[in-house]
Structure formats: structure tokens, C-alpha cells
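The values are calculated or read from the model by the stated rules, or taken from the named source; none is laboratory data. Predicted model, so just to flag it, every value in this text is computed and none were measured. Methodologically, a virtual Cβ is constructed for each residue, glycine included, from the backbone with ideal geometry; neighbour enumeration extends over all protein chains shown. Protein only, heavy atoms only, side chains kept; ligands, DNA and RNA dropped before computing areas. Shrake-Rupley method; radii C 1.70, N 1.55, O 1.52, S 1.80 Å.
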Amino acid sequence: MELYLTMRRRADFPFNMDCTPEDMPVDVALRALDVAAASKSPQILLRGNEPLLHPDLEMVLKGFRKRGIIPVIETSGLMPSMAKRLIREYHCRLIWRLYRPSLYSPEDLEEMKANLKEFSDGTITVRLVVMVDDMSADYGFVREYLDNYEFEANLWRFSCLHDQADFSPVMALISDLMREYIGKNLVPALACGVMPCAMTDAQFGFMAKVGGKYARCIPHLGVLPDGRVCHCQAMRMLPGPHISTFKNEGELHQYYIDVFISLQWQLSFCPECNGCPCLSAGLCTGVSMAKKAHGMLAKYEELKAKLAAEQGELSDEARMKLLWEMSEVCMILGLYPDAIECLEEIRRQAPENGKCHFYLGVCYWETGSLAEGEDEFRKCARLSDNPLPALNELFNRFVKNGNTIRARLLQGEIEKEELKLREAQRKS
Ligand code: SF4
Ligand code: SF4
């Protein structure tokens, strides 16, 4: 899990974020640490523009110590001297962001190198992360750092919104670095966002041979400064519930697997993926989730505008069609309150529609209205020829919530319904 601790910054670097509030309140950070501790997570990453500038950093680090979690801090390397003391005192590990040299002022570049030298004494674990913001720039300058400072690992980070073809020049360099630094245990690893097709077969094969790694587009759970969770930094435009909603990290992880499963497979946004062997081999799920989400959000805006502009001008049938489309788009994006608005209108027009009750069940449940959710699943079951899908969905949700008593009672109902169905089939 990653905490986006503060939006404060020492310089305007690429990938900086803008969120409110500027600083994560300490109680939110501690709540997130409780969730991590409940899963016995060994370490948590502090990110944000420059986490070492958080005014209550020491209180947050005390929270780590109390829970036995190792703090890993991702820094630009430009830090106040108080932060240096805290890094040593709280045995933090560092992830050192390295940008293109032209992005630093001469003074900042000098300060960053001096700080890096200071932490290269072997007492603090430092991993280098190269921030690739310009795909056509020359990143050969990285060799100077790999040769002159001590790092435990070398990671490369990109924006996952780039076209995979744009990666060619930087992939060629990374491939060379894999050969050059294999002896120093500094084979570059790729952060998520680079798909197998960004590499040639030879590059991909060589990476596999030397144990190089690339991260997949799976939840890289984040907590925003206001305490809401997100799938990953690139998906922060679609924040989820507050971190205090979750008992442990496993639950949060499962939440994002469930909520975005349909979005993950929206291959309509990447027709080039159809027939790709990496899909069938399970190596990839198409272009990044963030790219698909941006495509889906554009569709959401288009439908929203149509529903607003054409109110009163559309036939009932045409409006219902738009409402169904909008409900489905909202559910794919996890925008449940918007989906509820559309589905409630559909329910008023078509109260006997089982699918509408099922979708409402999902949306109410996901927004914490469990009683209303159960009611809708049961209505769907009553209105359907086969009540089992709705009842099984409700059963699974009881189990996931840890409500074993309700689940067991419902299991009895499901068994009775199964008997009735079998009996009906036998008679027919
Ligand atoms: S959308 Fe996927 S590839 Fe992009 S940052 Fe998130 S997890 Fe990584
Ligand atoms: S599935 Fe799509 S994104 Fe993934 S490797 Fe194949 S072509 Fe590239």
C-alpha cells in the first residue's frame, strides 16, 4: 500500500500530483497503517510529491514503529536536514527518484547529489527509480549514478498512458543496461505501464533470461490525502471509499479486483490487443487500466451531456436506453451513486425489471447501504424465473462481509429454491 502523504514539493517535477488537502492528516495515516498492520504488511510506501516535507512526519514514523512496519520513503532527494535525522532514527528505506538533469536547477542538482552521497554509506537501503517523462529523451545519464552511488535496486517508472510504440528508444537503452549491470545486481526492473509489446521479442526474452522484472497492471493500492483509497496513482481520478471502510489490506485489494474487473477487460479501447498472444498466455490484460478508464470516462461525459440536454425531448424508450447505458458505464467505473440515480429512474419506469433490481443491489451494497442492497437482490430473485443468481450473489456478499450467520441461513433458502427448480424441471 502507498500513502500519498503530502502534495508539498521542493520543485516542479513531472508526475507531481495535485490533491486536497495538501497534507494527509496524521489520524488518516495512522488508520491506513492499522489496515496494513492487520494484514501483517512488512512495509508501506510513503509517496506524494515530497513526503519528507510533511509537517508531522515524525508522528507518522512513530506510528510505523509502534506497528512494526518498515517505512519506505520515495523522495526527490531534496530534503530538509530534520528529515535526514528522521530517516536514520526510524530506519527508513529510500526510493530515490531521479529525473532528467535538465529538470533540476543547478543548485538543486548539486544538493540532490550531495544528499545521495550522504546516504550511499551503506547504512540506509536506497533504491533508484528513474522517472521517464519524455520518451524521446536520452536517459544514458543514469550510468553516472549507477557507477558512482550505492543502490540496492534500479527501477524505471513511466506514465502508463503512453502508446507502447513510444517506448522503443528507452527500451533499447534499458536492454543495454541489463547487459551492462547484470554483474552489479542492478538489472533494471520496469514499473507497471510497460506491456510486453513495448519490447521486441529479443528484448523480452533477454529480460526473462537475466531475471529482469516488469510489474503488471494490478492494484497498487493508494491512500489519498483525504483518506479515500485508489487503485493506483494513475487511477486517482476514480477514488473509492475511505480507508477506514476496510479491515485489512487483503479486503482492500479484493475490493479493487472486484470493482474494476469489467474495466480491466474493456478491450474495445485497445483493438490492437485482439489476437495478441500475451492475452491468451495471461501475460497481459491489454493497455493500462488508466487508459481504459480515460476512454470510459469520455463515454460517461458524453452520456451525461445527452441525458441532460435531451431531457423532455427523448421518447421514453430512447431515454431508458440511455439510462441503461449510463448505469452500466457508471458501474464499470465504480461511480455507484451516479449509477443509483439512473437505476432508480429505470425502477420507477419498469418496477418489474429484475436486472434493474440486481444492479441496484450491487450499487447499494457497494455504497454501504446493505439492507437496501439485500432488499433489491431479493426483489430480483422474486421477479426472475431462476432466483438462484441473485440469491447466490447475496450469499457471496454475506460471506465476504464475514456475516456467516446470515450466509448460513440464506444457504438454507438457496437449497430449497434448488429443490423447487429441480422438481419443476423434472415435471416439465
Ligand atoms: S493503471 Fe495499471 S499500469 Fe497504470 S499505474 Fe495503475 S496499475 Fe500501473
Ligand atoms: S495485450 Fe495489448 S497491450 Fe498487452 S502485450 Fe498484447 S498488444 Fe500489448
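Before moving on, here are some points about what is shown:
- Qualifying residue in the stretch 365-372 (condition: part of a helix (DSSP H, G or I), touching a residue at least 60 places away in the same chain (Cβ under 8 Å) and buried (at least 21 other Cβ atoms within 10 Å of the Cβ)): yes
- Residue that is nearest to V72 (Cα to Cα) [pool: residues in the stretch 115-141 that are in a strand (DSSP E or B) and either modelled with pLDDT under 95 or open to solvent by less than 40 Å² (accessible area, probe 1.4 Å) (or both)]: V126
- Enumeration of residues in the stretch 151-183 that are in contact (Cβ under 8 Å) with a residue 24 or more places away in the chain and in a loop (DSSP other than H, G, I, E, B): F151, E152, S159, C160, L161, H162
- The stretch 173-195, residues that are within 14 Å of ligand 1 (Cβ to nearest atom) and open to solvent by 10 Å² or more (accessible area, probe 1.4 Å): A189, A191, C192, M195
- Scanning the stretch 338-364 for residues that are of a type in the set (G, A, S) and either in contact with a Gly (Cβ under 8 Å, 6 or more places away or on another chain) or free of Cβ contacts under 8 Å to residues at least 24 places away in the same chain (or both) yields one hit, G361.
- Residue list for the stretch 188-223, restricted to those being within 12 Å of ligand 2 (Cβ to nearest atom), more than 21 Å from E152 (Cβ to Cβ) and among the aromatic types (F, W, Y): F204
- Residues that are open to solvent by less than 20 Å² (accessible area, probe 1.4 Å) and within 16 Å of ligand 1 (Cβ to nearest atom) number at least 1 in the following helices (runs of 4 or more DSSP H) confined to the stretch 206-289: 249-259, 261-264.
- Screening N148 with (1) touching a residue at least 40 places away in the same chain (Cβ under 8 Å); (2) open to solvent by 40 Å² or more (accessible area, probe 1.4 Å); (3) among the polar types (S, T, N, Q) gives one miss only, at (1).
- Looking at the stretch 1-111, the strands (runs of 3 or more DSSP E) lying wholly inside it that each contain 2 or more residues that are in the same structural domain as T125 (by TED's automatic domain parsing), open to solvent by 10 Å² or more (accessible area, probe 1.4 Å) and under 27 Å from V142 (Cα atoms) sit at 43-48, 93-98.
- Some residue of the stretch 298-319 being at pLDDT 95 or above and closer than 17 Å to V259 by Cβ: yes
- Single condition C273 does not satisfy, out of (1) in contact (Cβ under 8 Å) with a residue 24 or more places away in the chain; (2) within 16 Å of ligand 2 (Cβ to nearest atom): (1)
- Residue match in the stretch 74-82 (condition: of a type in the set (G, A, S) and in contact with a helix residue (DSSP H, G or I) (Cβ under 9 Å, 6 or more places away or on another chain)): yes
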